[in-house]
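Remarks on the structure that follows.
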Amino acid sequence: MLIHLNLELTKVVSCDGISNLSRLRTLKLARSQVWLDMSLMKELQLLEHLEFVSVNIFSSLVGKLLYDPRVGRCIQQIYTEDRPEEESVQVFVLPAMDALRRISMWNCGMREIEVVEKTQLNKSPTSPLCFSNLSVVHITGCNGLKDLTWLLFVPNLTHLELQCLEKVEEIISEERVSRSVTDEPKARGMNTPFQKLERLDLINLPRLKRIYWSSLIFPCLKKIEVEKCPKMRKLPLSFESCVGGGEELVINYRDDQWFKRVRWEDKATKDRFLPCCEKLLTTYSEGNSS
């Protein structure tokens with residue numbers, strides 16, 4: 001009769017036989033010791049009432065295991081990293097999934113994240129290529145990445161946290177966007193970035209130069225946190241960036257030298273957002289961000 005099973009953050013290492021929990025609707029495995037593989041996927045396929053799954057999955061298996069038309073629609077939270085004994089995948093293949101709400105990537109060696117369309121995981125075969133419900137993206141220690149242009153396919157992103165990414169120079173790459181315009185199906189799925197974004201955390205990104213190549217409108221933005229981003233001189237803000245708000249925006253920083261070097265779009269932008277800037281006195285500890 002069990003319908004809800006939460007094993008997150010436990011030391012459980014196996015879910016063999018879980019298909020016997022025939023009425024199970026919710027299964028939470030993220031950050032446990034259980035990793036999704038073909039054996040577990042076959043058991044999940046037998047759970048006819050399954051509705052919600054949070055799961056660990058090795059990066060090399062993401063492009064192989066998440067295409068099941070029924071279980072794929074139940075997977076709402078993904079925690080992924082490289083399999084220790086395998087060489088890192090160079091291209092991390094992420095199928096567009098309507099159900100996905102949160103993804104965390106840790107210590108993956110991929111150089112690029114490629115979004116691919118699989119219509120059985122989308123509401124309609126004609127729907128644009130996107131993650132319509134994905135709202136939280138955390139990426140830490142993925143040192144091969146140079147940009148995160150794939151976020152253009154995440155229209156409802158509310159929280160983006162990037163930590164310890166050694167090679168990221170841009171979050172949205174102007175060059176990659178220009179190339180994608182020639183790919184009509186992908187171009188249809190692209191959105192103006194960060195329209196629902198409420199919080200942006202940029203921590204220990206030594207090569208980051210810019211978030212976007214021009215100023216953006218942020219209707220919902222409430223907090224930006226910047227730490228150890230020495231090459232980023234400008235935020236994508238203009239006087240009109242926070243339409244209908246802006247008074248609630250807080251820009252947290254820890255480095256006085258970085259703050260002194262920040263360039264503003266113009267005097268009006270500086271006058272509007274300078275009062276939003278607050279220095280944080282606490283020291284950031286890797287892996288323990290709020």
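Restricting to region 51-72, give me the number of residues that are assigned to a loop (DSSP other than H, G, I, E, B) and among the aliphatic types (A, V, I, L, M). Final tally of qualifying residues: 1.
GLN163 falls short on exactly one of the conditions (1) modelled with pLDDT of 70 or more; (2) more than 12 Å from the chain's Cα centre (by Cα), and that condition is (2).
Evaluate region 86-96: report whether one residue or more is touching a Leu at 6+ places or on another chain (Cβ under 7 Å), closer than 24 Å to VAL136 by Cα and part of a loop (DSSP other than H, G, I, E, B). For region 86-96, residues touching a Leu at 6+ places or on another chain (Cβ under 7 Å), closer than 24 Å to VAL136 by Cα and part of a loop (DSSP other than H, G, I, E, B): present.
If you filter region 32-58 down to residues that are under 19 Å from SER14 (Cα atoms), of a type outside the set (A, V, I, L, M) and touching a residue at least 24 places away in the same chain (Cβ under 8 Å), you find that the one that is surrounded by the most Cβ atoms within 10 Å (Cβ to Cβ) is SER54. Within region 59-85, being surrounded by fewer than 18 Cβ atoms within 10 Å (Cβ to Cβ) and within 18 Å of ASN143 (Cβ to Cβ) holds for ARG83, PRO84. Pairs under 9 Å by beta carbon, first residue in a strand (DSSP E or B) in region 269-290, partner modelled with pLDDT of 50 or more and of a type in the set (D, E, K, R), six or more apart or different chains? Final answer for the pair search is LYS279/ARG254; LYS279/ASP255; LYS279/ASP256. Given (1) more than 24 Å from PRO155 (Cβ to Cβ); (2) surrounded by fewer than 21 Cβ atoms within 10 Å (Cβ to Cβ); (3) at pLDDT below 95, where does SER22 come up short, assuming only one miss? Unmet condition: (3). Number of residues in region 1-50 that are over 27 Å from ASP82 (Cα atoms), in a loop (DSSP other than H, G, I, E, B) and of a type outside the set (A, V, I, L, M, F, W, C): the value is 5.
A single member of ASN20, ASN56, ASN6 is over 25 Å from the mean Cα position of the chain (by Cα) and of a type in the set (S, T, N, Q), and it is ASN20.
Residues are listed down the side, and each one gets a yes or a no for (1) at positive phi; (2) surrounded by fewer than 21 Cβ atoms within 10 Å (Cβ to Cβ):
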| residue | (1), (2) |
| --- | --- |
| LEU148 | no, no |
| LEU152 | no, no |
| CYS164 | yes, yes |
| GLU175 | no, yes |
| SER178 | no, yes |
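Out of GLU114, GLU48, one residue alone is among the acidic types (Asp, Glu) and modelled with pLDDT under 95. It is GLU114.
Let's see how each residue does on (1) more than 17 Å from the chain's Cα centre (by Cα); (2) over 21 Å from ALA268 (Cα atoms); (3) part of a loop (DSSP other than H, G, I, E, B); (4) not acidic (Asp, Glu):
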residue: ASP201; (1), (2), (3), (4): no, yes, no, no
residue: PRO206; (1), (2), (3), (4): yes, yes, yes, yes
residue: LEU216; (1), (2), (3), (4): yes, no, yes, yes
residue: CYS220; (1), (2), (3), (4): yes, no, yes, yes
residue: GLU225; (1), (2), (3), (4): no, yes, no, no
residue: ARG233; (1), (2), (3), (4): yes, no, yes, yes
residue: PRO236; (1), (2), (3), (4): yes, no, yes, yes
residue: SER241; (1), (2), (3), (4): yes, no, yes, yes
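The values are calculated or read from the model by the stated rules, or taken from the named source; none is laboratory data. Note that the structure is predicted; figures quoted are calculated from it, not measured. Cβ: placed from backbone, ideal geometry, glycine included. Neighbour counts: every protein chain shown.
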